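Worksheet: the structure to be examined is printed underneath.
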Amino acid sequence: MMVLLKAIGALDHGNSKNYQTVCTHYGLRPKAMTDIRKIRRQLIQIVKSILPETATILDSRLLPPTEQQICLLRKILAAGMVDRLAKRIEGPVVVNGHKANNAYQTLLLEEPVFIHPSSVLVNDLPTFICYQELHETTRIFIKNICGIQMDWIVQLNPHLCSFGPIEDEPCPRYDEIQDKMVCHRKATIGQRVSWSLGPSIETVFPTDTIDRFRWFGKYFLDGIICPRLLQFHPALLCSSNAMVKSWASLMERTQKFLNALVAKQIDNRTQLIEIWSTEPQYLLDIYCTWLPESLHTQVRSVWPPIPK
């Protein structure tokens, strides 16, 4: 991918009068490069019509992408070419009666495939790659490839993965950036073949279990969801861990708190703030049952506990 981007950028910065010469020198097809330029101009016009403030930036020549932009481009490829994934095979394989190393397995073929010798990644050998095409000679080669990270597969294409049960360690947590509860599970991808995506991978909490509300409740009591409640955490009459214990239903305060979250389907901060905009007393009385009565007046003075 980066090789192609560099080629396009070099032509963009080069002398238009020597366009044909540059293409010939680098082994590029002039017509293909001309088509790329036309498509890029079309995309620029579309973006400018939607985001006029980007006009000045887009009118300038194509600059080399930053490391962050490269990462985002690789993620785009991983999301759009998920059916064309390949995983490196550990150890040698037999091809045409001979042992061969550095082979890959694809989701589509039973036969092993290989990175083409002309690829810049032939020595890096990423564990997972996505590819554009297969080319068969004495072996099957994958061409126009891009190395991707294992966890991207789950992040970008969770609907194509199969997940195991939620693991106890590391325990589920609240991800403030995503504003979601996340947990660790074993994951695989593929139907004809089943690839393990590592011993454990962090993913968004499944929606088919009530446990996501239990864990959200625990972190609410800890002051993680609403930092203004952190001052009351040391005074809790019962550990917040009670929310996620197997016997939690035996305690009235844990069950009431859970029922209140489930009733409104609250498992993230954004939903909670939206509820408070119309029901500012939501969770107040239930939260007070977790604290000594001497603190109730102070709690009511900061409720709802959202930043001012």
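Here are some conditions: (1) under 26 Å from residue 159 (Cβ atoms); (2) at pLDDT 95 or above; (3) charged (D, E, K, R). Residue 274 meets all but one. Which one does it not meet? Of (1) under 26 Å from residue 159 (Cβ atoms); (2) at pLDDT 95 or above; (3) charged (D, E, K, R), only one is false for residue 274: (1). For segment 159-182, a residue qualifies if it is on the phi < 0 side of the Ramachandran plot and either in the same structural domain as residue 246 (by TED's automatic domain parsing) or charged (D, E, K, R) (or both), and the qualifying residues are 167, 168, 169, 173, 175, 176, 180.
With a requirement of 1 or more residues that are of a type in the set (Asp, Glu) and loosely packed, with under 15 Cβ neighbours inside 10 Å, the strands (runs of 3 or more DSSP E) lying completely within segment 80-137 that satisfy it span 128-136.
Rundown of residues vs (1) within 27 Å of residue 2 (Cα to Cα); (2) out of contact with any Gly (no Cβ under 6 Å at 6 or more places or on another chain); (3) touching a residue at least 40 places away in the same chain (Cβ under 8 Å), yes/no style:
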residue	(1), (2), (3)
114	yes, yes, no
117	yes, yes, no
122	yes, yes, no
127	yes, yes, yes
137	yes, yes, no
154	yes, yes, yes
162	no, yes, no
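Among residues of segment 85-111 that are in contact (Cβ under 8 Å) with a residue 40 or more places away in the chain, those with a Cβ under 7 angstrom from a residue that is surrounded by 13 or more Cβ atoms within 10 Å (Cβ to Cβ) and of a type in the set (D, E, K, R), sequence gap 6+ or separate chain, pair up as 95/139; 105/87. Scanning segment 205-227 for residues that are under 22 Å from residue 158 (Cβ atoms) and assigned to a helix (DSSP H, G or I) yields 211, 212, 213, 214, 215, 216. Assessment of segment 191-202 against the conditions (closer than 30 Å to residue 256 by Cβ, of a type outside the set (Lys, Arg) and surrounded by 15 or more Cβ atoms within 10 Å (Cβ to Cβ)) yields no matching residue.
The values are calculated or read from the model by the stated rules, or taken from the named source; none is laboratory data. The structure presented is a predicted model; accordingly, all values stated were derived computationally and were not measured. Positions of Cβ are generated from backbone atoms using ideal geometry, with glycine treated the same way; all protein chains shown enter the neighbour counts.
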